[in-house]
Amino acid sequence: MFIAKMDYNNVSLLESYFNFLYAKEMERVMWTVFREQCYGCKHGLLSQIRHVCLTMSEKEQLKLYFDAIVDYIDGDELIRKWTAAVTRLDGVSSELIDMYRLKISCRDWRATGMRTEYWQKLMIKLVFSVKNLERLF
């Protein structure tokens, strides 16, 4: 299938915006997941030593609980938000948006493509970029 340069740029835009929204959602829910996974929080321990949520860095916890965070996120709701936003973009065809939406809606892709080491590293980097951007505003 031939993709024109303009369509390639638009696919890149669609993908970047999906990844940005996903990273933003990860940043929003990560502490909820950290506390759900933390032995000390689960058992109401007073000692801070038994609280992984306090003894590990955010980045370490994000790596450790990455799959749990991905599982926690409502992917269908995120795709609805993504679709609502990208349909307002000028110069991006509805066919291209539908094609990319089919990809990100595919449960197999979400079960495999979103579990790769590459995607995990990208998302972790984007989560911290989102955190830094939010500090500016």
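Values quoted throughout were computed directly from the atomic coordinates according to the rules given, and no laboratory measurement underlies them. Note that the structure is predicted; figures quoted are calculated from it, not measured. Here the Cβ is made from the backbone with ideal geometry for all residues, glycine too, and neighbour counts use every protein chain on show.
General observations
- Ranked by the mean number of other Cβ atoms within 10 Å of their residues, highest first, the peptides 112-122, 95-105 fall in the order 95-105, 112-122.
- The residue among Leu102, Val86, Leu133 whose Cα reaches farthest toward the positive pole of the charge dipole of the stretch 73-137, with charges on the beta-carbon of Lys, Arg, Asp and Glu, is Leu133.
- From the Kirkwood radius over Cα pairs of the stretch 89-137, Stokes-Einstein at 4 °C and 1.567 mPa s returns a whole-number translational diffusion coefficient of 99 µm²/s.
- With the charge dipole of the chain set up from +1 on Lys and Arg Cβ and -1 on Asp and Glu Cβ about the Cα centre, the Cα lying farthest toward the positive end among the listed residues Phe18, Ser47, Leu62 is that of Ser47.
- For the chain, cysteines whose Cβ has no other cysteine Cβ within reach (under 4.7 Å): Cys106
- The helix-based estimate of mean residue ellipticity at 222 nm for the chain, built from -39,500 (n - 2.57) per DSSP H run of four or more residues and divided by its residue count, is -23500 deg cm²/dmol to the nearest 500.
- Values of log10 I(q)/I(0), in the order q = 0.12, 0.19, 0.21 Å⁻¹, for the chain under a Debye, Cα-only, solvent-free model: -0.56, -1.14, -1.29
- Cβ charges +1 (Lys, Arg) and -1 (Asp, Glu), total dipole of the chain, debye: 380
- FRET efficiency for Lys103 and Leu54, using Cβ-Cβ distance with R0 set to 35 Å, rounded to 0.05: 0.35
- Centroid-to-centroid separation of the stretch 40-74 and the stretch 98-137 [C-alpha atoms, Å]: 20
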